[in-house]
Amino acid sequence: MAIILNPARVRVPNFFFLAVIIPGPMRIRVQTRAPLAERKIWFLPVLSDGNAFDAQTQSIRDLKQSLCKRFDVLHEGGWEPSDILLSLEGFELIDETECQILRDGDLVLVELRGGAASGSGGLSFSIALCNTSDANFREETQTFIERQKSASGAL
């Protein structure tokens with residue numbers, strides 16, 4: 001059995017849609033942990049020269065630099081990328097890892113590395129290290145933390 005269509009009755013569109021998905025900028029959720037001031041923000045990474053951040057070619061080290069430059073808690077505190085530790089779902093993000101490990105909307109935790117946080121031997125301090133304009137405050141606080149660690153046997 002053959003079906004014959006009348007060409008006058010068949011509608012053929014003279015246009016079509018082509019869907020192209022252009023990935024937008026990566027945005028992540030960032031949350032700080034004590035002793036940094038507690039903050040929860042959405043963050044759009046940008047390179048230090050102001051160019052767009054490309055998750056395919058940029059590293060976690062580049063993300064740390066962007067955070068330290070543009071996130072007020074870190075920028076005003078004078079923290080450097082080497083001072084902070086980033087983690088995702090309880091796992092550390094190492095500097096050499098490409099940012100493509102992150103997905104849009106991931107929650108990245110920011111902690112201080114070394115004596116101020118992860119090396120404090122379980123001691124916790126409620127000190128907002130970044131909310132002061134006193135240049136000596138950071139050094140005095142670090143000395144205080146080291147003395148507390150020594151006294152508790154954490155060293």
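Only the coordinates and a few stated rules stand behind these numbers; no lab work does. This one's a predicted model, so the numbers in the text were calculated from it and none came from an experiment. Virtual Cβ from ideal backbone geometry, glycine too; neighbours counted across all protein chains shown.
How charged is the neighbourhood of Ile41? Take every other residue with its Cβ under 12 Å from the Cβ of Ile41, and add Lys/Arg as +1 and Asp/Glu as -1. Once all neighbours under 12 Å are counted, the net charge is +3. A simple count of charges around Ala55, restricted to other residues whose Cβ falls under 10 Å of its Cβ and scoring Lys, Arg +1 and Asp, Glu -1, yields -3. Summing charges over neighbours of Ser82, with a neighbour being any other residue whose Cβ is under 12 Å away from its Cβ, gives 0 when K and R count +1 and D and E count -1.
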